[in-house]
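See structure below.
The numbers here are math on the coordinates, done by the rules we state, and not lab data. Just so we're clear, the structure is a prediction, and the values are computed from it rather than from any experiment. Don't worry about glycine lacking a Cβ; one is built from the backbone with ideal geometry, like all the others, and counts go over all protein chains shown.
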Amino acid sequence: MPKPVQVSLVGGDHGPWNVESLVAVAGPGLKDVARVDMVEGPWPFGLGGIWLLRGVTSNDRYVERRERDALTASQAPLGRPEATAAALIAITKSQEWWDLAQDERRAILEDRSHHIAVGLEYLPAIARRLAHGRDRQEEFDFLTWFEFAPSNAGAFDELLARLRATEEWSYVEREVEIRLAR
C-alpha cells in the first residue's frame, strides 16, 4: 500500500480549477468561491483561501481483495490531459453510521448498496482520489475528488444518481458537490 498522502482542497480566487457550481446537497454548504486548488503532500501554510478542506488517503476500507485488485487494475491516474472536468464530493455521515460495527457498515456499503461494484462500472473514464477526514477531526468525513473528460459528465451524473439512491446514502447528513473545469 502506498504511504498515506495529505490532501488539501483550497477554495478561493486562485487555483487551476474554475468552479462551475457549488451545491449543498444535504446540510450546510460552503462559501461560494471562484477557483479550487488541490494540493497533495504536507499541509501547506498560508494558502489564503476562503475555505480549506483536508483529508488523508488511507488504506482501502471495506474492500475485499478481489475488489481491491479490480479497482487497482481499472483506476486511471489523476491529471490526464483529457480530464478537464472535475468534481469534489465532500460528505459527512451520521453518528448512527459510525456507531455500526465495521462488518455492518460493509454490509450496507457493498452487500446492499453495491457502492464498489457501481463505481467499478465507471472506471477508467472517471478517475478518483478519496481522502479521509474523520480520524483527523476535519470538517468532512470523506473528500472524493473525481476527474473526467467533459464527454463523460453524463456518466458521472449517472454514477452519482445511482449511489445517492442507495441505503448507504441514507446515512449522509452533509454533502457538498462542487463541479469544476480547467
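Couple of notes before you dig in:
- Karplus (6.51, -1.76, 1.60) ³J(HN,Hα), θ = phi - 60°, over the range 56-62, in Hz, Gly and Pro reported as x: 9, 5, 8, 4, 5, 9, 6
- Peptides 60-69, 121-130 ranked from most to least packed by the mean count of surrounding Cβ atoms within 10 Å: 121-130, 60-69.
- Relative to the longest principal axis of the Cα atoms of the chain, the long axis of helix 153-164 makes an angle of roughly 50 degrees.
- A simple rule links phi to the HN-Hα coupling: the Karplus curve 6.51 cos²θ - 1.76 cosθ + 1.60 with θ = phi - 60°, which for the range 104-120 gives 5, 5, 4, 4, 6, 5, 10, 4, 9, 9, 6, 4, 5, 4, 5, x, 4 Hz, with x for Gly and Pro.
- Pairwise label distance in nanometres, residue 23 with residue 6, each label 7 Å out on the Cα-Cβ vector: 3.3
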